[in-house]
1. Using only Cα atoms and rounding to the nearest 10 degrees, what angle (0 to 90) does helix 262-278 make with the longest principal axis of the chain?
2. Given the convex hull of the Cα atoms of the range 291-334, what is a quarter of its surface area in nm²?
3. Would you work out if the range 114-232 is rounded, prolate or oblate? Take a ≥ b ≥ c from the square roots of the eigenvalues of the alpha-carbon gyration tensor; rounded if a/c is under 1.5, else prolate when a/b is larger than b/c, oblate otherwise.
4. Could you please report the charge total around Leu308, scoring K, R as +1 and D, E as -1 over all other residues with beta-carbon less than 11 angstrom from its beta-carbon?
5. Tell me, what is the Rg over Rh of the range 1-209, with Rh the Kirkwood radius over Cα pairs?
6. Relative to the longest principal Cα axis of the chain, at what angle does helix 107-120 sit, 0 to 90 degrees, rounded to 10?
7. So which lysines pass the test for Lys121, namely a Cα distance under 25 Å, with those fewer than 8 places away in the same chain ruled out?
8. For the chain, calculate the relative contact order in percent as a whole number, restricting contacts to Cα pairs under 8 Å that are 6 or more residues apart.
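The numbers here are math on the coordinates, done by the rules we state, and not lab data. Computed from a predicted model, the values in this text were never measured in an experiment. Neighbour counts are summed over all protein chains in view; Cβ atoms, including those assigned to glycine, are modelled from backbone coordinates with ideal geometry.
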Amino acid sequence: MKITFRSVLFVLLSTFVLGGANAQEVSYKEKQPYKSWTRIVQSFDDNFYHTKEATRIAENVLLYQQTTGGWPKNIYMAAELNKQERKEVLAAKDKVNESTIDNNATITEIYYLARVYQTTKDERYKKAVIDGIQYLLNAQYGNGGWPQFWPRPKGYYTEITYNDNAMINVMELLREIYEKKAPYDFIPNEYLGKARAAFDKGVECILKTQYKRNGKLTVWCAQHDHVTLEPIKARAYELPSLSGQESDNIVLLLMSLPNPSSEIINAVEGAVEWFKASKIEGIKKEFFTNDEGKRDYRIVECTDCPPLWARFYDLETNRPFFSDRDGVKVYALDQIGHERRNGYSWYNSDGMKVLKMHEKWRKENN
């Protein structure tokens, strides 16, 4: 749904997002879940960026930008702030450990300010966009990878992060910049070469982190050690594994590269073979209300249903597995608790995008 000028005061967010029956009555100026921010930014139409409301929000985005040039995550930036809230945000600007690319943070804010600058030509917005781009360039490791948070001295936040497409989102943004795609066609030329170099280093990192099992290329873990490049653990339930969720967009990015080298072709073919071998057929999710009256789901058998891929596969056996907050690896979804079972994506069908695109890609590249 496009948000037009007439509807700008009340964005009709879905009941699912707002978690209530009165979703249509809630002003988008009031605080909402963070994901609502990333969604409405993509929904604002061209007319919106010519409104005072667009610049009001842009001032919030400027306010939340940290001294690193990056932004913190999980903040609904369209909310109206009172004086005390603005004071608290200003005081947090130097909390540099909160700058991140997780949950589409920094990427979303750069895009929004670029759109506002295109209509207002306010140099403050341009500077903020460039500072944001510089943050992404500064955060990249010498091996080409990006951590989830930067700067942070320790913890899984420092590892190379494919989880939730964090690194891929950065690379896609950098590509739009060096290709001078709107709304980034105002970026100074000196940054175009930097963006291209960072993107190319990212591709090198992708190739270096692709996991080999018995000498055969497979796919990627959700996060890799930023020094050894080996698959590594993140949160307790995110164990070292082959990721059936994060790997799909990595392969799609590799297939989007023009004139692929033999190394890229081998990487794609190895990953596609893994996707073919790892698809799970004959099962689907079935939702139900459990004995406690909570919405739940289970895996049941089915016929003529599309294949699924598990989020995590064992590095050595390629067996799908699951894990709760205790970090114990189990092999059936009903062996983890309700909270993690329903609060995390354990299965997905996005591998089909890889298989479909591969047929076209193979023809184009003989």
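1. It works out to around 70 degrees.
2. Values: hull surface 19.3 nm².
Computed as one quarter of the Cα hull surface, the answer is 4.8 nm².
3. Working: a/c = 2.77, a/b = 2.01, b/c = 1.37.
In terms of gyration-tensor shape, prolate.
4. Residues near Leu308 contribute +2 overall.
5. Numbers: Rg = 17.1 Å, Rh = 17.7 Å.
Value, to two decimals: 0.97.
6. 30
7. Those lysines meeting the cut-off are Lys2, Lys29, Lys52, Lys93, Lys180, Lys181, Lys194.
8. Values: 601 pairs, mean separation 37.8, N = 366.
Here the relative contact order equals 10 percent.
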